[in-house]
Each structure stands twice: as C-alpha cells, then as structure tokens.
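Read the structure below first, then the notes.
Nothing in this text is a laboratory measurement; each read-out follows from the coordinates by a stated rule. Note that the structure is a prediction, hence the values are computed from the model and not measured. Don't worry about glycine lacking a Cβ; one is built from the backbone with ideal geometry, like all the others, and counts go over all protein chains shown.
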Amino acid sequence: MSASRGGFSSRFGFIMAAAGSAVGLGNIWGFPTQTASNGGAAFVLVYLVLAFCLAYPAFMAELLIGRYGQANAVTSMQKMSRNLWQKRFAFIVGFSGIICAALILSFYGILAGWMMSYAIEPVTTTLGFNEASSWLTSQSIARNLIFSALFMMLTISIIRRGVEDGIEKWSKRLMPMLIGLLILLIIYVFTLDGSREGFAAYLNPDISRVFEPDLLINALGSAFFSLSLGTSVMVIYGSYISKKENLVTLGAQVTLIDVSIAFLAGLLIIPSMYVAQAQGVAIFSDDGSLISGPNLVFEVLPTLFDGMGGIGLFVGFGFFVLMSIAALTSSISMLEGPVSFIVERHNIERKKATTFVGLGIFIISTLIILNFDVLFGFVISLSTVYGQPLIAMLCCIFVGWIWQRSDVLAEIKQGNDNVEHGLFWKIWPWYTKFICPSAIAIVFFHSL
C-alpha cells in the first residue's frame, strides 16, 4: 500500500468506517419506511435472511477485490483481468458502481439536508423564532438547496483530508454516539402508550407475505443499500485495509453491526409510529398502506418529540443531529469512490478532485430538487432498488468466474493462514459463483 494512498490505521477504525458507510439514512430512514410499507415483521425476516445469505457474500467479494487491487474500483478489477474483454467488463462494472455512488449521494444529500434543518428547528423554537422554525420544517426549494449545499460542503471537507485523518477519525468519533442514542430512545419509546402494538407489528411476522414480489425486491434493495454494495465503496475501503487483517471476520463483524443497527432503527421507528397513532396522528390509510412514505421519519418522530414536553426539544435536537452524523459517515464513503477514481486514473490532486466531484454531485442534487416529484423517487429506485443489487451481482460473477481461484485463496490467506481448512472457504467460493448471482437474478425475475 503506497503511502500516498493512505489507509486505515486500525481494525477498529475500519470497522467504524465501514459500519459508518453502511449505517446511515438507509438504516434509520429507509429500512423502517420499507418495513412499514411491506408488511412489518415479514419484511424484517426477509431482510435478515437476504442480508446474511446474499449481501454478506457479495460484501466479501467487494472487500477482496479492493484489497487485492489496492486501488479504485476500476483499476482493482482490471488488475484481476487477463485479457481485453475482461478488462472492458471490469471497467463497466467498476465505473457503474462509481456512477451509482454518485447518484445515491445526489439524493442522499437532500435527505441529509432535511435532517440538518430539523436539527436546527428545536433551537429556533427555544429562542422563539417561530417563523424560522416553520421554514426549517416545511418543504421549499430554497431550504432544500441551502441545506443540501451545506451538507455537501461538510462531506467535501472530510474527504479532502484523506483516509486516516478524515474518514477514519470521524467514523470512530461519531458511530458510538449514534448507537448510544438509538438505544436510549428505544427504551423511552417502550414506556409510551401504543408502543406495545408497534413492537408486535415489528416482531411477529405474517409468513404468508414473505414471497410477495414487491416485498422481496425491496428487501433485497434494502440489504444491499444498507451495506453500501454495488457502489464501489467497499472496493475502495477494502483497498485501504492492511494485508495483515483477517477479512473473513472483518466482513462478518461489519455485516452484523450494520444489520443490528437497522434492526434497532426499526425497533425505534415502527413503535414510534404506533405511539404517534395513539396520539391521533394518521399513519395508515384505510387500505392499510403507509401515508407518509419517504417522509415517515419527518412526520412521526417530531410528533413523538412534541408529546414529550420540554425535554422533547432536547431529544429531538439530539436525534436529528445524530441522524445528520449518520448521514455524514455514509456520504463520505460515497464521495470517496468517485474521488479515488479521479485521483488515481487521472493523476489529479486529492483536494482539487474532491471539490470538483462534490460540486458535480451537488449539481445533480439541484436538478432533483428543481424537479422533485419526477426525479426524487426515480433516482432512489434506479440506484438502490435496481442498480446496487445488479452491480453487486456482477462483482460476484467477476470474483467467481474471472478471478482465478488460486489468486482468491492467496488474497484471503493474507491475515488468515488457515482459511482454506475452515467452513468459509468450503462454502463461499461456489456460493459466490453460483448461488449469489442466481438468487439475485431470480428475485429480479420474480419481481417482474
């Protein structure tokens, strides 16, 4: 690993950075919304199965590609290629992941801007600036543009500092704070009227719904989105991992942390919906569908905080600050993918490349804001529901069918000398070669 590229200084640093990439609005905003829209506990059950059976093997494939190549997604995959068509295929897969990351960050920045504006609202309310409070929590082009720009500036400022001083340092500080507040809020919600019904809806699955096409495709998209797969993020993060680290246990630890926090987020949001419903807030329409949709977190939780009295202002402030932090730990990883490509393929200085790419993505965000009703949902579906699983599937095909098995084993054995005698190596190679691509394809075919 060249000194100019940098790298993670510790195992804990990588786990927090990778978990930070995985844990964000996808877990706390997206997962509970998808859960509420797709049958509650049935969706949770399918999500957990797909996360461990499909997302984890694909996650390992991307980490291995990155650590072997020690470069951006495109270069890493081309290093594994042996002829021209493989190199072209590698470019298509790697570059598609980079584009997918940019598209996700374009809508992600808008959502994160909402989180930031909601975090400021308790402060303006406490100071008596009611007009400002109303503006901060109302949809408007001006608010969305201002806060999306502010969030992108924060993301750019961290990535400009590099891996150890930027990505790793901030992830290690912010992730433990997020987990702690989530647990405290879950404990509090459990004491409120209506929460028991919410916990029941979240934890008792209706098995008859687990094979519904929409539920399957949405659960697959959520599993891949929450682990940042199909975006080149884990390839580039893998390239910053020391060759001495055991990738098998690292990958398992990150997957477990990510899935656990998604589960915790649902344990907060879904019961909170039922608490708000008990307080008179309409959550479901007459046909049982979710009313709020993507705005779930912004309509349900503020109502919950309002019902807490004076302390609700402080809790609301803390929650949305840490939601902004969770968004930031994910956004820095998504910006790192395109930036690393520009820096390494075109020999552009990191600070200049970061600013250039960040501004480009903000321009896409601006287009979405100006055409919100048409583009917002479309970009989310294109990038997360379809783009990520398909690109991750192609990465599995690349590792399973193009990368030589002996080279794969040699890479895994660095940091884990006995891996070929363990259960992982007996299952993972053929599983990644046959099961993962086939299962993802079947889910997509079923969804059509």
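Multiply the residue separation of ALA441 and LYS243 by 0.36 nm, subtract the distance between their alpha-carbon atoms, and state the gained length in nm to one decimal.
Details: separation 198, 0.36 × 198 = 71.28 nm, distance 3.28 nm.
The ALA441-LYS243 span can extend by a further 68.0 nm.
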What distance in nm separates the two pseudo spin-label positions at TRP430 and ALA278, each 7 Å out from Cα along the beta-carbon direction? 5.2 nm
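Take the alpha carbon gyration tensor of the stretch 289-448, find the square roots of its eigenvalues, order them as a ≥ b ≥ c, and report rounded if a/c is under 1.5; if not, report prolate when a/b exceeds b/c, else oblate.
Numbers: a/c = 1.84, a/b = 1.58, b/c = 1.16.
Because a/c hits 1.5 or more and a/b exceeds b/c, the stretch 289-448 counts as prolate.
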Mind running the shape call on the stretch 306-379? Use the C-alpha gyration tensor, a ≥ b ≥ c as the square roots of the eigenvalues: rounded below 1.5 for a/c, prolate if a/b tops b/c, oblate otherwise. oblate
Helix 388-397 versus the longest principal axis of the chain: what angle, 0 to 90°, nearest 10, using Cα atoms? 20 degrees
Tally Lys/Arg at +1 and Asp/Glu at -1 over every other residue whose Cβ is under 15 Å from the Cβ of GLY266; what's the total? -2
To test your reading of the geometry: what angle, between 0 and 90 degrees and rounded to tens, separates the Cα axis of helix 56-69 from the longest principal axis of the chain? 50 degrees
On a 0 to 90 degree scale, rounded to 10, what angle separates helix 11-22 from the longest Cα axis of the chain? 60 degrees
Rg/Rh ratio calculated on Cα atoms of the stretch 202-329 (Kirkwood radius): 1.04
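What 222 nm value per residue comes from the helices of the chain, counting each DSSP H run with n ≥ 4 as -39,500 (n - 2.57) and dividing by all residues, nearest 500 deg cm²/dmol? Could you put the intermediate results ahead of the total?
Details: 21 runs with 321 residues, N = 448.
Helix-only estimate at 222 nm: -23500 deg cm²/dmol.
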May I ask you to list the aspartates and glutamates whose Cα is less than 12 Å away from that of LYS172, ignoring any residue fewer than eight positions away on the same chain? GLU164
Beyond 20 Å, what share of the Cα-Cα pairs of the stretch 119-193 is found? Please give it as a whole percent. 60 percent
For the chain, built as a Gaussian network whose Cα springs stay under 10 Å, the top-fluctuating residue of GLY180, GLY415, GLY97: GLY180
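Using the alpha carbon gyration tensor of the stretch 67-184, what are the three equivalent-ellipsoid semi-axes (square root of 5 times each eigenvalue), largest first, in whole Å? Let's see the in-between values first.
Numbers: eigenvalues 307, 68, 26 Å².
Equivalent ellipsoid of the stretch 67-184: 39, 18, 11 Å, largest first.
Please go through the residue pairs LYS79/LYS243; LYS87/LYS426; LYS87/LYS243; LYS169/LYS413 and name each one whose alpha carbons sit more than 21 Å apart in this structure.
On the way: LYS79/LYS243 17 Å; LYS87/LYS426 28 Å; LYS87/LYS243 24 Å; LYS169/LYS413 28 Å.
The answer is LYS87/LYS426; LYS87/LYS243; LYS169/LYS413.
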The chain, relative contact order [Cα under 8 Å, separation at least 6], %: 34 percent
